[in-house]
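Visitor: Sharing a structure below in structure tokens format, with a few things to ask.
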Ligand SMILES: [Zn+2]
């Protein structure tokens, strides 16, 4: 079994000699994932660290995802919900909106020395108009690598119950090598296209965290094997469904699959 560290081999760099001390979250914890975890022995520590800091860290630390996590109340690994920056109008005071540890929202000046100004401003006017910057989506090439890494891990997870399954069907499957290399080293390709579509409103699967009700996960994923023997990783994050081909930098097969399946979502065959 690959899931003991004795016979460990990394699904990304294929090393058997690096340390394997970490479990691996298939979907980053900062997207609310505490359920989908690969045991030690599947991803080596150097690859684990690389993805955490150079891929996931950059994607989830981008303004685009920080704003989405703020809107949806998703804390980071360190249990902090990102703040949303804003500007008051028309006087352009820099503001921060956050969520306190007790779950209550707050707003205040970014610069604490402006606290008195802010308080008197609120006293003098019964309304506060604020402008929120809207961030561009993160770098598409890096995002493709982020999707491929999650997809290769999701595939390993699927093979975990089979003895030597990961070694035989994943690590030794050369059809996955291009995706491995691009995800881990960013080399070999300028672009790796993926398909993107909003399938439900961003907050649809959420309940209000502040009132103590349960909240659903902000991500769901699946693996789609098409009739043409192509393998797609499909994940919805904050209501946007991303689909990427693990076998090569082509997305045409997914368009064909959509056309043959009434544009349904692989995640929700019956509709979301
Ligand atoms: Zn590795």
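Coordinate-derived values only; no laboratory data. Since we're looking at a predicted model, the values are computed, not measured. Note that we place each Cβ from the backbone using ideal geometry, even for glycine, and neighbour counts take in every protein chain shown.
Visitor: For segment 36-100, what is the largest minus smallest coordinate of the Cα atoms on each principal axis, given in angstrom and ordered from greatest to least?
Guide: Principal extents (Cα only, largest first): 55, 21, 15 Å.
Visitor: With a point put 7 Å past each Cα toward its Cβ, work out how far residue 117 is from residue 187 in nm, to one decimal.
Guide: Here the modelled spin labels are 5.1 nm apart.
Visitor: For the chain, go through all pairs of different Cα atoms, get the mean of 1/r, take its inverse, and jot down that Kirkwood value in Å.
Guide: Values: mean 1/r = 0.0487 Å⁻¹.
Evaluated over the chain, this radius sits at 20.5 Å.
Visitor: Compute the helix-to-body angle for 63-72: its Cα long axis versus the longest principal axis of the chain, expressed 0 to 90° and rounded to tens.
Guide: Roughly 70 degrees, rounded to the nearest 10.
Visitor: So how do 249-258, 67-76, 85-94 stack up, highest first, on mean other-Cβ count within 10 Å? Show your work: numbers first, answer last.
Guide: On the way: 249-258: 15.9, 67-76: 18.9, 85-94: 13.5.
Going by the mean number of other Cβ atoms within 10 Å, highest first, we get 67-76, 249-258, 85-94.
Visitor: Given 0.36 nm per residue, what is the gain on full extension from residue 36 to residue 240 after removing their alpha carbon distance, in nm? Intermediate values should be presented prior to the final figure.
Guide: Details: separation 204, 0.36 × 204 = 73.44 nm, distance 1.93 nm.
Extending this stretch completely gives an extra 71.5 nm.
Visitor: Note the angle between two axes, namely the Cα long axis of helix 115-124 and the longest principal axis of the Cα atoms of the chain, as a number of degrees from 0 to 90, rounded to the nearest 10.
Guide: 60 degrees
Visitor: Where Rh is the Kirkwood radius over the Cα pairs of segment 118-162, the temperature 25 °C and the viscosity 0.890 mPa s, what D in µm²/s does Stokes-Einstein return? Intermediate results must be reported in sequence, preceding the final value.
Guide: On the way: Rh = 15.2 Å.
In µm²/s, the coefficient rounds to 162.
Visitor: Sticking with this one: Please compute the volume of the convex hull spanned by the alpha-carbon atoms of segment 11-150 and report it per residue in Å³.
Guide: Per residue, the Cα convex hull of segment 11-150 comes to 129 Å³.
Visitor: Still on this structure, I have one more. Along its principal axes, what span do the Cα atoms of segment 76-131 show, with the longest given first and each in whole Å?
Guide: The Cα atoms of segment 76-131 stretch 38, 21, 19 Å along their principal axes.
Visitor: If you line up the long axis of helix 140-159 against the longest principal axis of the chain, both from Cα atoms, how many degrees apart are they, to the nearest 10?
Guide: Once rounded, the angle reads 50 degrees.
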